[in-house]
Structures are given as structure tokens and as C-alpha cells.
1. Suppose accessible area is computed on protein heavy atoms with a 1.4 Å probe; arrange A:Lys78, B:Lys139 from highest to lowest.
2. Could I have the simple spin-label model distance between B:Ala60 and B:Lys208, label points 7 Å from Cα toward Cβ, reported in nm to one decimal?
3. Counting only protein heavy atoms, what percent of the accessible surface of the stretch B:39-85 is carbon or sulfur at a 1.4 Å probe?
4. Out of B:Asn80, B:Asn91, B:Pro58, whose Cα points farthest toward the positive end of the dipole of the stretch B:40-98 (charges: +1 Lys, Arg; -1 Asp, Glu; placed on Cβ)?
5. What shape does the stretch B:124-248 have by the C-alpha gyration tensor, where a ≥ b ≥ c are the square roots of the eigenvalues, rounded means a/c under 1.5, and otherwise prolate means a/b greater than b/c and oblate the rest?
6. Using θ = phi - 60° and the Karplus relation 6.51 cos²θ - 1.76 cosθ + 1.60, list the HN-Hα couplings for the stretch B:231-242 in order, rounded to whole Hz, with x at every Gly or Pro.
7. Which value, in Å² rounded to 10, gives the accessible area of A:Met239 with a 1.4 Å probe and all protein chains present?
8. Roll a 1.4 Å probe over the protein chains and send me the accessible area per residue for the stretch B:158-222 in Å².
Number of protein chains: 2
Amino acid sequence: MLRRGFQAAVILGHHGTLPGATHLLPRFNPASAFGSSMESLVSRFCQEMKKSKNYALPNASWGPDMLSLYHEFLEKTKTNGWVRVPSFRSNRDHIQGFKLPLDLSANSDKSDWRLFTRCIEREGQGYEYVIFFQPSEKKSICLFQPGPYLEGVPGFVHGGSLAALIDETFSKTAYLSGEGLLTVNFNIRFKNLIPLGSLAVLNVNVEKIEDQKMYLSCVTQSRDQQTVYAKASGTFLQMHLEEDSSRQ
Amino acid sequence: MLRRGFQAAVILGHHGTLPGATHLLPRFNPASAFGSSMESLVSRFCQEMKKSKNYALPNASWGPDMLSLYHEFLEKTKTNGWVRVPSFRSNRDHIQGFKLPLDLSANSDKSDWRLFTRCIEREGQGYEYVIFFQPSEKKSICLFQPGPYLEGVPGFVHGGSLAALIDETFSKTAYLSGEGLLTVNFNIRFKNLIPLGSLAVLNVNVEKIEDQKMYLSCVTQSRDQQTVYAKASGTFLQMHLEEDSSRQ
């Protein structure tokens, strides 16, 4: 999984120019390295990696609520165009063969990088989640079963851990819906605490795409939709992945 | 660490009344169980727990930048009124002997709960941070050295992991400054990506306290203040901890 040639954007170039900003955002080029169709982008980004564990599959810690809703959405992948988004230990697995557009190389001298929302290895203790994406409607559902390592107020989910998972679901949805890659801003209003071990459902929608920016919303609620846990919105910057000619 | 009798707020009662809300927020009682002085609140909340590991102390993974700034602030605790906030594996350690004010009991049938920002046990891999609080100015500094498990864009900190740590620093600052306990809303604007393994400094201020709410701001930047990584704001709800008569 250790690779050279990764390059990353470090200046988001929004809300005015920052003092000391030396790396300006390039103009968005709508001609993607994936080709122009979302179908091709989705299939490329969501392909299974034989060598990488897919964390979006059920494990023994998933409760009955999580499992039954998972199977409901799995059925929808067969007939209604939904896609189960695979989830790897690092975003490096999703973008194998590509590099990010700007000109700062990431330090790659360690091999044990992990996507933050997959940082806890022990099943059931941290983030258990799976994202389903609906390309034609540009929306996602994330099924989230928080474990006891995500605690804030005793017995309940830390607000920051929910915010992080919404940001992660936004980021996958933004990329698949139109190559939105980097969070520009994020806002969340908390309505109710989520009990650890329960099931929360994140409903994410792309609201609009305008001038290189994507605007997303999320309502997090209980499965029966009777309890709203949080409402969030986020803005992402579009930037496409290019072929990595330095790949080794 | 396993205790009975924890009770937690589940309705934050902000931005209007929620449909289906059954647990209304009690009026804030300014007479705290700690007594009225902030000094007493801080010393009670920040006391060392002999049986609990304090994660706010240096370990072998801390780099030279993190260590030198830590010692700078440690000096300030001796002369300038700063307080090093201890950090335990769970908020249960901070509030031993107290319960949260509302009437829902948290499920306490497991012993291995962890504060989200202390969820990664391996030194240097996840969150390395320490918070210093200045009571008279109602402000905090959090020194943050992100490890490789906090990744988003390859080589850089996941926006959600920074958001979570800011929320956590807000929450400790809000409690110590005036018993602000629950996040009502949170907003973050990302300016630059933080390289994994570097040092970021979170500068948190209480902007105002009004009508049971506390308003906080945070600027996250490099140690030399030349690079702003993110700006954030948050609102917290005040609610004091009461003696827990059911303690066993």
C-alpha cells in the first residue's frame, strides 16, 4: 500500500486569499481522468481490491437493526441502482494509480496509515458503518452503529465522532457525485444524543454543484425517523484525480 | 471505572422544539454542586486520578516541537495561572461522584468505554494532545500532534479528526469556564491541510456566555502562526453536574 508520487492540495483557496498562501488552486478541468460519465467514475472508485479488506461488509458485532437495514439496501443495489461503497483502511486504496492535483508530496515513509473512520481495528468497538450511494439521485445513506470507543457524554456518542463520520460520508458522496474532494466548510447542529450501540442513519444529499463547489446536507436520525440526532451541511471543492505517471 | 447512576441529557432543546421531544431542558441553576467559584470547579474537575492514566503527559512519540511547546506552557502553570487539564480514558473519570442532570440513564453494562479522542491506545498513532486552560481569560491552548491513523487525504489529517478534537477542546474549555457541557452546534472552515506527524496549535476562546449558552471560537494554526489550518466556532449548553446519590 506504500506508494510514491502522492500529491496533495494544501491550500483550499476559499473565503479570500490567505496570507502566506503559496499554492493556488488550479482551475477545475471537467474532463476527468476517469472519463466523463459518473458510471465509469463510480465503478472505478468503488472497485473491490483483492488485497485490501473491505470494512463495509457485515461482521459479528453488527446488531439486528444494522444487519436488517444493510440487507434492505443490498437488495436495492440489485434493482434500484444503489451502489455499496467499499471501505478500505486508507484512501490510498481507493485512488491507486492516481495522484491528487497539487504540487506538495505527502510524506510516505510509514506504511501504517489509516483512514480516520477506520482507525479502530477491533470489531464493534469503534466505527461500524457502511455507505450506500445512489448515483442518479446524487444521494447516500450511511448506516452507523457506534461502539464504546466513540464516547463523549457517558453512554452516548461524542459529537466529534458523528461529525467526522458525516464528513467522511460527505466526502465519498461528493467525490462520486462530481469529484468533490476537499472539505471547505462543515456545519452541524446537534438535536439529540445517540446512545452507543444503537443504529443511526445518515441521509446525505447533494444540494447543488456550482462554481467548483458542491453543497451537501445530512440528516442523521433513528431508523424509524422519529428522532433526529443532528443536521449538518458541508461544502466541498471539486478537483479530479489524474493518472500517476510516477507510480511504481 | 464501571459505575451506575449516570444520567444523560438527550434533548438539547435548541432551535425550537423538536417534534417528539419528551425530555425538556431544565433551567440552569447557577449554584453549582462545585460551589460558585471557578477555581474550585477547575481544581475539582482537573484533579489527578491515581487509578487512571493521564494521557496529557508526554510520551516517547512526542516530537521536539510538541515537547518544547509543552514545557513552555508547563512553565506558565507555575506563574501565569494556566492549568494543565488532565485527560483520562473516559469522561467518567472526570465526573466521578456526579451525575448529568436529565433523566435518562446511560447503558453501563460494558467496562471498556473510551473518550473518542482517546480511542487509539498506541502511542503516536492517533491523537497526541494536551490542553492547557487559562481560567481568568477563559481560553485554552491545545497542542496536537496527529498520528497516521488520523488520515484523510493521503499524508494529511482527516478534517473530521480535527473537527472532533476542536469539539473536545471546546467541551473541556466550556465546562471549566462556566459549566457548558453539551455541543449545540459546531462550524468549521478548513484553510490548509495539516501534515500527519506535524504540530498544530488550537487556540480556543470563550467569546460570550448568554442565556444558558456559551459561544466559543478556535483558530488552528502552525506553531509559528504562519499557516492557518482551520477556523471554528461552537455553541455549548450550560448544565451543572449534581452529586450522585446513587453512587456505589
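The values are calculated or read from the model by the stated rules, or taken from the named source; none is laboratory data. Remember, it's a predicted structure, so these values are computed and weren't measured experimentally. All Cβ positions, even for glycine, are placed from backbone atoms using ideal geometry, and neighbour counts span all protein chains on display. Calculation scope for accessible area: heavy atoms of the full protein, side chains included, ligands and nucleic acids excluded. Shrake-Rupley method; radii C 1.70, N 1.55, O 1.52, S 1.80 Å.
1. Heavy-atom accessible area, descending, gives A:Lys78, B:Lys139.
2. Reported label-point gap for B:Ala60 and B:Lys208 is 5.1 nm.
3. 54
4. B:Asn91
5. Prolate, because a/c is 1.5 or more and a/b exceeds b/c.
6. 10, 9, 9, x, 10, 10, 9, 7, 6, 8, 7, 9
7. 10
8. Normalised by residue count, the accessible surface of the stretch B:158-222 is 23 Å².
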